[in-house]
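Note sheet for the following structure.
The values are calculated or read from the model by the stated rules, or taken from the named source; none is laboratory data. Everything quoted here is computed from the prediction, not taken from an experiment. Every residue, glycine as well, gets a Cβ built from its backbone with ideal geometry; the counts of neighbours run over all protein chains shown.
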Number of protein chains: 2
Amino acid sequence: MWENPIFLLPGPTQVPPRVLRAMSAPMVNHRGPKFKELLDECIPGIQKIFQTKNDICLLTSSGTGGMEAAVANFIGRGEKAIVVSVGSFGYRFKAICDKYGVEAELMDFTWGTAADPQKVKERLQQDKNHEIKAILIQHNETSTAVLNDIEAISKAKGNHPALLIVDAISGLAAADLQTDNWGIDVVIAGAQKAFMIPPGLAMVSVSDRAWEAAEKINSQSLYFDLKAYKEFLQKGQTPYTPAISLVFGLKEALNIMLEEGLENIFKRHILYRDMVRQGVKALGLDLFVADDIASPAVTAVKAPEGIPAGEITRIMREDYNVVLAGGQQHLKDKIFRIGHLGYVQPMEIIAALAALELTLEKLGFKVTRGAAVTVAEKVLKERRD
Amino acid sequence: MWENPIFLLPGPTQVPPRVLRAMSAPMVNHRGPKFKELLDECIPGIQKIFQTKNDICLLTSSGTGGMEAAVANFIGRGEKAIVVSVGSFGYRFKAICDKYGVEAELMDFTWGTAADPQKVKERLQQDKNHEIKAILIQHNETSTAVLNDIEAISKAKGNHPALLIVDAISGLAAADLQTDNWGIDVVIAGAQKAFMIPPGLAMVSVSDRAWEAAEKINSQSLYFDLKAYKEFLQKGQTPYTPAISLVFGLKEALNIMLEEGLENIFKRHILYRDMVRQGVKALGLDLFVADDIASPAVTAVKAPEGIPAGEITRIMREDYNVVLAGGQQHLKDKIFRIGHLGYVQPMEIIAALAALELTLEKLGFKVTRGAAVTVAEKVLKERRD
């Protein structure tokens, strides 16, 4: 009966009704003038959200496809790279590098902490001969709910010529990322995060420096060969049939985002982060990461001693129609994650906190009813005043 | 004002309103029980359309991604394969093989003809040591509107142990393809063809023999590593976030297809083929391919001497809101293509033929008004009686 839950995942996110309506438009020819018009309207909007003048490649794939494209095009077989990892998506970058014969060195920070720019700086200073061709890092690590300081990483890189490749799939438009100002060569984003459209599109921005590197590399993948995307972009096309209905949705999502404005979007995500974190703390639960590195897109909460996180998410879903995410890999059942990115309203956060109070109570964890909600209301009210 | 044209491309196709409505359902967690239920409902339907009991991998990509997955997983670097090509998508298979270091021999048949099973047989008979590991071929070649006889190719292969890999992206469910009966190891299909959903999903069926071959091969692509799709399928998931809204659409499209029944779908496509071919002939135009190899999904028509095909498709679109496809590569402006697969009604074919009469007249090509329509009506009436 209750078809639409309170849907708080770190992607896919809820889709605004305006986007759903846009997606139901009649098909167009992806080699004809209407699709060109559509793409020509989308690209400048994407550039605004990316804060870049760089070229944008629009791929029909999940975000992982965008990550693979970044490795396939900008780092050659046998070349060295550093993967700065703070969670499971760092490992994914490493796995892709392994597939493509990139000699990737894993700089592995403990899950729940952020990347240390000083360590990155020291490592690059050792690289006197500039053998390291690329640094790969997550903007927002979805698995641990940590936001890396990409500006600091960029400063740590300094004049080292390695390309800076940032997986901003779950972070872009939830937290500030200044592609051009911070000198980021390649940025990867995904549709189903703060862009609020259903999954199936990845966006990749590419700097001139990155295109120069790509000239020397013969991408091992045809589907992810970004040079073809660049070439087809000139005529308002993609090399292979794109997910047209999602591009309809993207155009409308960009309208919504630009109406709200990037600064307001960032503020709204910080509000949600603070409502969730303070609300959860008021229930006596522990947060997985420290305040200064906490993600504005998703919050990771430790399950109380003796209660598996999976039980919490199950009861939230079954009894209250609130959808949260569990933990990944060794964090399964240790943490649960409350996504608060994209098309989320403040009162949905409050409702989810209320459901969490009732769920914990049912599982025998002592809570003061209304405690989380009261604190979240206070945060909301203060920001509005 | 007229938002929905008569849309006759060989993909993307028109999307049934039922599918559009299904696609607008609220998002679900791709790691939760609702997506598992959805996938569990889709897979048996896909298997029915593929006429197979083999495993189905559901990829978020265009059909080309499915072709790349087939090469990446089932043919090793340095191994030999034969690409049987009758048009531009044959060349695409070759290009993917080149990327992956597969030693692919191109068996190149003239564009507009079908693959000759006898030649395939002779080539395989020369291969005494069974060095050829795979045969790659199109079911329906979209660029030339030719239907290959895959059953005959399979017979020509006989007991040779090479895998038979068929790109059935534009052919599946428009023409018969008996995956299991004909012993096809890998079949690739695309969403935006006879499945009638927007582009963004590829489906790949994999035989036990193909999985055995895959065991010895380390897929060079992470995104297209089908072993991961097989593993995740067991728990009702895909390894990376799938295009969820398209999977909603797929489920409804499968309902529609199975309600109509495969036999009826095939008959309907043959009806459209014959209406179009006889109608076009009645106008004095030449068809690009012979009747016995003519595709039931798309018809290629030669532009009259002195009239570029691009002018015909432009006027059809601008004056009559009828969307057709042009020719590809060296066939650009030589042919135009009328797609008639998926969600097409007989009267749309008639209307398009009427628009073609008026368009040719405008371009100074002498036609008898009503000639194409009259013949198409006759074909339609005969099949109904």
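Values computed for the structure shown
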| read-out | value |
| --- | --- |
| Failed condition for B:ASN54, given (1) surrounded by fewer than 20 Cβ atoms within 10 Å (Cβ to Cβ); (2) within 30 Å of B:ALA95 (Cα to Cα); (3) out of contact with any Phe, Trp or Tyr (no Cβ under 7 Å at 6 or more places or on another chain) | (1) |
| Residue in the range B:252-273 that is over 17 Å from the mean Cα position of the chain (by Cα) and within 14 Å of chain A (Cβ to nearest Cβ) present | yes |
| Unmet criterion (only one of (1) of a type in the set (S, T, N, Q); (2) closer than 25 Å to B:SER221 by Cα; (3) surrounded by fewer than 24 Cβ atoms within 10 Å (Cβ to Cβ)) for B:ASN4 | (2) |
| Test: B:PRO242 is closer than 26 Å to B:LYS332 by Cβ and either in the same structural domain as B:ASN140 (by TED's automatic domain parsing) or at pLDDT 95 or above (or both) | no |
| Pair list, Cβ < 6 Å and 6+ apart or interchain, from the range B:82-106 residues that are more than 14 Å from B:THR64 (Cβ to Cβ) to residues that are basic (Lys, Arg) and not in a strand (DSSP E or B) | B:VAL83/B:LYS94; B:GLY101/B:ARG77; B:ALA104/B:LYS94; B:LEU106/B:LYS94 |
| Residue check, A:ILE350 in a helix (DSSP H, G or I) and under 29 Å from A:ALA194 (Cα atoms) | yes |
| Some residue of the range A:52-62 being modelled with pLDDT of 95 or more and small (Gly, Ala, Ser) | yes |
| Single residue of the range A:302-329 satisfying the filter (more than 14 Å from chain B (Cβ to nearest Cβ) and within 16 Å of A:GLU3 (Cα to Cα)) that is surrounded by the most Cβ atoms within 10 Å (Cβ to Cβ) | A:TYR320 |
| Some residue of the range A:358-365 being free of Cβ contacts under 8 Å to residues at least 40 places away in the same chain, of a type in the set (Ser, Thr, Tyr) and not assigned by TED's automatic domain parsing to the domain that holds A:ASP176 | no |
| From A:ILE197, A:ILE184, A:ILE188, A:ILE244, residue being under 25 Å from A:GLU79 (Cα atoms), more than 12 Å from the chain's Cα centre (by Cα) and of a type in the set (A, V, I, L, M) | A:ILE184 |
| Long-range neighbours under 6 Å by Cβ, at least six apart or interchain, first residue closer than 16 Å to B:LYS281 by Cα and touching a residue at least 40 places away in the same chain (Cβ under 8 Å) within the range B:372-383, second of a type in the set (D, E, K, R) and part of a helix (DSSP H, G or I) | B:ALA372/B:GLU357; B:VAL379/B:ASP274 |
| Candidate set: the range A:139-159, residues that are buried (at least 24 other Cβ atoms within 10 Å of the Cβ), of a type outside the set (Val, Ile, Thr) and within 17 Å of A:ASP292 (Cβ to Cβ); chosen: the one nearest to the chain's Cα centre (by Cα) | A:ASN140 |
| Filtered residue count, the range B:362-375, keeping only those that are within 23 Å of B:ARG314 (Cβ to Cβ) and surrounded by 14 or more Cβ atoms within 10 Å (Cβ to Cβ) | 6 |
| Some residue of the range A:222-234 being more than 29 Å from B:ASP225 (Cα to Cα) and surrounded by 17 or more Cβ atoms within 10 Å (Cβ to Cβ) | no |
